[in-house]
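The values are calculated or read from the model by the stated rules, or taken from the named source; none is laboratory data. This is a predicted model, so every value here is computed, not measured. Glycine gets a Cβ as well: all are built from the backbone with ideal geometry, and neighbour counts include every protein chain shown.
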Amino acid sequence: MTSEVLEGRTAAGRGVRVRFSADGIEEITDHPSAPDLLLIPGLVDIQLNGYGGLDVNDPSRPAGELSDLVRALWGQGVTTVYPTIISADDTTTLTLVKRAAAARAADPDVAYGVPGLHLEGPYISSAEGARGAHDPAVIRDPDADEFDRWQAAADGAIAIMTLAPERKGAIEFTRHLRAGAPPLARRPVLASVGHSLATADDIHAFAAAGGRLSTHLGNGLPAQIDRHHNPIWAQLTEDALTAGLIADGHHLPADTFAALVRAKGPQRCVLTSDAAALAGCAPGDYRTAVGGAVTVGPDGSLRLQGTPYLAGSGASLLDCLRWATGPGGLPLDIAVTMATRTPADLLGLHDRGRLEVGARADLVQLTSTSSGAVGDVAAVVVNGRLVACSNS
């Protein structure tokens, strides 16, 4: 097996030379004169609806779109992604998970880069504000039999399920997810609370039943909530829950983002993009399957046309890393861990998201700006293969 080398400085500032192959990272040696390039593990995005005009929620799109999406994300340093399907009727959900399963079966790059799917709904709150852009006509109580049919159609690929713990049967359903849904669930499904008006008791019961994640904490809520009795505080204090945070500069103001990380602890936080299909697209007015008429602003935000309301995120996870280490105020090494190792470990991918001998060779080399901030992608390695290089 032929080995290759990539050099740079880790997020902690250590100059290194990394020797890798398809077998993984084979050697890491100190390299004090390493080039002034940031060298980090490939980014792991556990919540993404699309990017660059590619959409995982539109059943009318070409069958190969997931393959195109995986490759488009390489250019953003994302080497592992959990495509996120939002609330839909049973037929649409079945179609979308079948298409994803077919793409994983047909394309080795998709099989590797998409370890699983994330279903965001339909078992969420139907209340205004809490439901966000989800269609209230399809929101409903959890149904284990329905989910098991989706899991079978997905060939066991559904790995994350966002739900509202206050819905009827939600706690029992969370136990069902934690136990795995035979015959095709190869692992338990990670239950996440989101788009929810749950009480503190609901949140703690959800965690006790096996809930392990908060989907975009601080979002998916009405603009006005009770200052004490709201879903945020219990999620912050519940140690079983890891907080997913959209660090795009629009979903969470900088002070709010910093306060959530400090309260939860960075070791229990993950950065996520929640990118929509229009993320990475030029400013202008568009129509999408999710959201309808959407405007991409000059600042990269996505808003329902003619309103101030956000219509998903216009940022990649790399954009979020830039913001989190800029206005978000996080040290680079902490932010990188929140976008690599922590989400990988959360999903049981203990061979990814880290610069360690024996780990998968998913690597991203980045330039720095004149101010020392995270710059552009210089090279990307996926599973030991160089797939993007600025010099090529």
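Summary table
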| item | result |
| --- | --- |
| Restricting region 275-308 to residues that are among the charged types (D, E, K, R) and without any contact (Cβ under 8 Å) to a residue 24 or more places away in the chain, the residue that is nearest to residue 132 (Cα to Cα) | 303 |
| From 355, 317, residue being surrounded by 19 or more Cβ atoms within 10 Å (Cβ to Cβ), farther than 19 Å from residue 275 by Cβ and either in the same structural domain as residue 261 (by TED's automatic domain parsing) or over 19 Å from the mean Cα position of the chain (by Cα) (or both) | 355 |
| Subset of region 313-339 (residues that are outside any helix (DSSP H, G or I) and in contact (Cβ under 8 Å) with a residue 12 or more places away in the chain) | 313, 314, 315, 316, 325, 326, 327, 328, 329, 330 |
| Meets criteria (in contact (Cβ under 8 Å) with a residue 24 or more places away in the chain and hydroxyl-bearing (Ser, Thr, Tyr)) for residue 126 | no |
| Test for residue 170: is it among the small types (Gly, Ala, Ser), buried (at least 23 other Cβ atoms within 10 Å of the Cβ) and in contact (Cβ under 8 Å) with a residue 40 or more places away in the chain | yes |
| Breaking point among (1) at pLDDT 95 or above; (2) assigned to a loop (DSSP other than H, G, I, E, B); (3) surrounded by fewer than 24 Cβ atoms within 10 Å (Cβ to Cβ), for residue 76 | (3) |
| Residue within region 197-207 that is touching a helix residue (DSSP H, G or I) at 6+ places or on another chain (Cβ under 8 Å), in a strand (DSSP E or B) and either touching a residue at least 40 places away in the same chain (Cβ under 8 Å) or hydroxyl-bearing (Ser, Thr, Tyr) (or both) present | no |
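Residue-by-condition table, conditions (1) at pLDDT below 95; (2) of a type in the set (Lys, Arg); (3) assigned by TED's automatic domain parsing to the domain that holds residue 315; (4) over 16 Å from the mean Cα position of the chain (by Cα):
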{"residue": "18", "(1), (2), (3), (4)": "no, no, no, yes"}
{"residue": "51", "(1), (2), (3), (4)": "no, no, yes, no"}
{"residue": "85", "(1), (2), (3), (4)": "no, no, yes, no"}
{"residue": "95", "(1), (2), (3), (4)": "no, no, yes, yes"}
